[in-house]
Amino acid sequence: MMKQYAHIPNGLNHFFTICLLLMVFSAAAQKAGKPGQKFILIPLDDRAPCLQFTQKMGLIANAEVIAPPIEILGNFMVPGQSDKIISWLEKQDLKSFDGAIISFDMISYGGLVASRIHHVSYEEAIKRMQVIRRLRKMAPGLLIYGQSVIMRLAPTGDGKNEAYRENLGTWAEISVSKDKDLMSKTTALEKLIPAEALLDYKQSRKRNLAVNLEAIDFLREGVIDYLILSQDDAKPEGIHVADRETLISKVKALALSDKILVQPGADEISMLLLSRALNKKFNFSPKIKAVYSSEALSNTTMPFEDRPLKRTVSFNIQAVGAKEVSVEAQADLLFYVYPSRFEAGRAISFAQEIEDKIKQGKKVLVADVDPRGDVQGGDTQFTMELLKRKLFPQLQSYASWNTAGNTIGTSLPQGVVFALAQAKLLPSAAVNVKDNILQAQHWFTFHRVIDDYYYHTLVRSQAKKFIRDQKWNTMDLGIENTRKVEAYARELLITHFNELSQHYKDNTFLKTSFLPSNMKFALPWRRTFEADITFDTQTM
């Protein structure tokens, strides 16, 4: 083979030989079913959406997502061990990775919950962030995407601050108002909030904004390649608005709007960044049209957010590196967004629209959004319609958990990553690689239905009643009581798991056999809000 390069100097001959060998090794790895891409993840914390979801989503594109040992990522009120995480990060063979997705909050403070208290000084936070500069020097070509959270309004409910937590959240919302009545209420609230708690809150917010601004400088200097400044739980008005606008002004002044996004969200951001990184690697940018079940609700701000639903969707489409279009004929993907669970008959008609589009060969993503914030899981009627029509295995993606941003930021990247796999990987993949990708895709959608609907909508309410009946602390069950609640919830959930497994087994639309088994259930933060659900899959 090298005869054709006989006229080329020996050094270049050697270079071409190495390139050919790398191509051969890469092809062999693909045939062996090994991941084609490899990413480092420093997650926001150890919760499933920040860690498990991102790692599982990577498998849909045959990509491996590697994170530090979960033991050093912290747990609820126990901060992640930032210095150990930094040490782990510096020991990685950076040349073996295609990119890194890094939470500034984990590096600086030890995670999302830890970012809401002033246990780490600004100076220490900035010192810890310098590891990212060192990574850039060690691996100049490494794709580095970052997330830095804009602090939310309310402090974390830890079981100790319930006497003033709600008052502090209200203070944060109204203290910037010039309305005389609200100004008087602000003064009254300040007398009800412990002085040290209010001071800690203010110091934390001031420090976090400074870190947000420093993250922008990291992007400006080329230390990182892309940044999402994500607004944690908030409302249209409040003390956070000034922080957000300060960041937006700096981004605009530096002309960095194409590389820095200021948007709602927190837990789901690593999935958006992973999707963007994969799209960048494969030069893939699908066109997406959003379809809403209600035009009025699409222009309404959803609970715990500070922008209208339609803006949240647009932000997320931009975040994954896709293009939003308004004409269906131009779209590669149709993103069906359903916030109409209180509109009679809309569940049926919207599910029918989705089914019709799938029959036409369209690729459909689905987000079921809670418009009131009182369920934080899937809508029963809409879910039953999707099940009745056997649509879940045919969808590009589905999600329905917690906030609109959480739901959209999970469904959208899954659908885009699978579209990438369909366009760039599946056509030429070896049989075992193709099966791995399809198994990963079905695992993720199945997991969403079990977690988002069956657990959060059905089982969680029963588990909460069980806890109330026992008169246990809902914010921290303790180890022994947690095990009892886990056993109770798992017993309820396994019935639904088996039913959904049968639904998949009987589905004639699957392009590969898919049989979930061995479900495991845990409450890692010793409360019902977060569930860690895992299961195995096998071919039939």
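The values are calculated or read from the model by the stated rules, or taken from the named source; none is laboratory data. Predicted model, so just to flag it, every value in this text is computed and none were measured. Because the Cβ atoms are built from the backbone with ideal geometry, glycine has one as well, and the counts that use them run over all protein chains shown. Keep in mind that these areas ignore ligands, DNA and RNA; they rest on the heavy atoms of the full protein, side chains included. Shrake-Rupley method; radii C 1.70, N 1.55, O 1.52, S 1.80 Å.
Given labels modelled 7 Å from the Cα in the Cβ direction, how far is it in nm from SER96 to ALA188?
Here the answer is 6.2 nm between the modelled labels.
Treating only the Cβ atoms of Lys and Arg (+1) and Asp and Glu (-1) as charged, compute the dipole magnitude of the chain about its Cα centre; round to the nearest 20 debye.
Numbers: 68 positive and 60 negative charges, 243 e Å.
In total the dipole reaches around 1160 debye.
Rounded to the nearest 0.05, what FRET efficiency is calculated for LYS359 and LEU213 with R0 set to 41 Å and r the Cβ-Cβ distance? Don't skip to the end; give the middle numbers.
Working: r = 50 Å, r/R0 = 1.23.
Given R0 = 41 Å and the Cβ-Cβ separation, E is 0.25.
Determine the relative contact order of the range 264-405: mean sequence separation of Cα pairs under 8 Å and six or more apart, normalised by residue count, in whole percent. Let's see the in-between values first.
Values: 237 pairs, mean separation 36.7, N = 142.
So the answer I get is 26 percent.
Could you order peptides 41-49, 470-478 by the average number of other Cβ atoms within 10 Å of their residues, highest first? Could the numbers behind the result be given before it?
Working: 41-49: 25.2, 470-478: 14.2.
In descending order of packing, they fall as 41-49, 470-478.
Please work out whether the range 220-298 counts as rounded, prolate or oblate from its C-alpha gyration tensor, where a ≥ b ≥ c are the square roots of the eigenvalues and a/c under 1.5 means rounded, while otherwise a/b larger than b/c means prolate and anything else oblate? Write out the running numbers ahead of the final one.
Working: a/c = 1.87, a/b = 1.05, b/c = 1.79.
Verdict is oblate for the range 220-298.
Please identify which residues in the range 289-316 have an amide N closer than 13 Å to a label point set 7 Å out from the Cα of GLU324, following the Cα→Cβ vector.
289-292, 298-300, 307-316
Rounded to the nearest 5, what % of DSSP beta bridges with both residues in the chain are antiparallel? Kindly include the intermediate steps, with their values, before the conclusion.
Details: 8 of 47 bridges.
Close to 15 percent.
Given Cα pairs under 8 Å that are at least 6 residues apart, what percent is the relative contact order of the chain?
Numbers: 951 pairs, mean separation 69.4, N = 540.
Once normalised by length, the contact order is 13 percent.
Order the following by accessible area, largest value first: LEU297, LEU426, LEU273. Probe radius 1.4 Å; ligands, DNA and RNA are ignored. The partial results should precede the final answer.
Details: LEU297 45, LEU426 25, LEU273 0 Å².
Final ranking, largest accessible area leading: LEU297, LEU426, LEU273.
If amide hydrogens are placed 1.01 Å from N in the peptide plane, which non-local residues have theirs closer than 5 Å to the one on GLY74?
GLN81
Keeping every protein chain present and rolling a 1.4 Å probe, give me the accessible area per residue for the range 409-507 in Å².
Numbers: 3960 Å² over 99 residues.
Value for the range 409-507: 40 Å² per residue.
Just how large is the dipole of the range 44-133 about the Cα centre, in debye to the nearest 20, putting +1 at every Lys and Arg Cβ and -1 at every Asp and Glu Cβ? Mind showing how you got there, number by number?
Working: 9 positive and 11 negative charges, 16 e Å.
That gives the range 44-133 a dipole magnitude of about 80 debye.
How would you order 354-363, 416-425 from highest to lowest mean count of nearby Cβ atoms within 10 Å? Spell out each step's value before the answer.
Values: 354-363: 14.9, 416-425: 23.0.
In descending order of packing, they fall as 416-425, 354-363.
Expected output is a single nm value to one decimal: the length gained when fully extending between LEU256 and PHE529, i.e. 0.36 nm times separation in residues minus the C-alpha distance. What is it? List each step's numbers first, then the result.
Values: separation 273, 0.36 × 273 = 98.28 nm, distance 3.65 nm.
Gain on stretching LEU256 to PHE529: 94.6 nm.
For the residue pair GLN130 and SER517, what label-to-label distance in nm results when each label sits 7 Å from Cα along the Cα-to-beta-carbon direction?
Using points 7 Å along Cα→Cβ, the separation is 5.4 nm.
Report the Cα centroid-to-centroid distance between the range 407-480 and the range 121-200 in angstrom, as an integer.
29 Å
Counting heavy atoms of the protein chains only and a 1.4 Å probe, report the per residue accessible area for the range 213-297 as a whole number of Å². Walk me through the numbers on the way to the answer.
On the way: 2990 Å² over 85 residues.
I get 35 Å² per residue for the range 213-297.
Using helices alone, I'd like the mean residue ellipticity at 222 nm for the chain: each DSSP H run of four-plus residues gives -39500 (n - 2.57), total over residue count, nearest 500. Display every interim value, and only then the final one.
Values: 18 runs with 250 residues, N = 540.
Taking each H run of at least 4 residues, the total per residue is -15000 deg cm²/dmol.
At a threshold of 8 angstrom on Cα-Cα distance, excluding pairs fewer than six apart, so keeping six or more, what relative contact order does the range 102-163 reach in percent?
45 percent
Quote to one decimal, in nm, the extra length available between THR474 and MET384 on full extension: 0.36 nm per residue of separation minus the C-alpha distance between them. Present the calculation step by step, with values, prior to reporting the outcome.
Values: separation 90, 0.36 × 90 = 32.40 nm, distance 2.99 nm.
Gain on extension, THR474 to MET384, equals 29.4 nm.
Between SER314 and SER121, what is the spin-label point distance in nm, taking each point 7 Å from the Cα along the Cα→C-beta axis?
4.4 nm
Answer with one residue from PHE39, ALA296, LEU192: the one whose Cα lies farthest towards the positive end of the charge dipole of the chain, charges on Cβ with Lys, Arg +1 and Asp, Glu -1.
Of PHE39, ALA296, LEU192, it is PHE39.
Set the bar at 30 Å for Cα to Cα. Now go through LYS127/LYS259; LYS310/LYS505; LYS84/LYS323; LYS287/LYS390; LYS362/LYS388 and name every pair that lies beyond it.
Beyond 30 Å between Cα atoms: LYS310/LYS505; LYS84/LYS323.
Choose one of ALA429, GLY405, HIS442: the residue whose Cα lies farthest towards the positive end of the charge dipole of the range 403-480 (beta-carbon charges +1 Lys, Arg; -1 Asp, Glu; about the Cα centre).
Of the listed residues, the answer is GLY405.
Given the peptides 206-213, 333-340, 154-161, 135-142, arrange them by the average over their residues of other C-beta atoms within 10 Å, most packed first. Please list the in-between numbers first.
On the way: 206-213: 19.1, 333-340: 24.4, 154-161: 16.6, 135-142: 14.1.
Ranked from most to least packed, the peptides come out as 333-340, 206-213, 154-161, 135-142.
Could you pull out every one of the lysines with an alpha carbon less than 18 Å from that of LYS520, ignoring same-chain neighbours closer than 8 positions?
LYS56, LYS484
Could you tell me the accessible area of PHE521 in Å² (1.4 Å probe, neighbours in place), rounded to the nearest ten?
20 Å²
Heavy atoms only, probe 1.4 Å: what % of the accessible area of the chain goes to carbon and sulfur, would you let me know? Don't jump to the answer; show the numbers that get you there.
Values: 12180 of 22690 Å².
Solvent-exposed carbon and sulfur of the chain make up 54 percent of the total.
Can you pull the accessible area of TYR398 for me, 1.4 Å probe, Å² to the nearest 10?
Using a 1.4 Å probe on the heavy atoms, I get roughly 0 Å².
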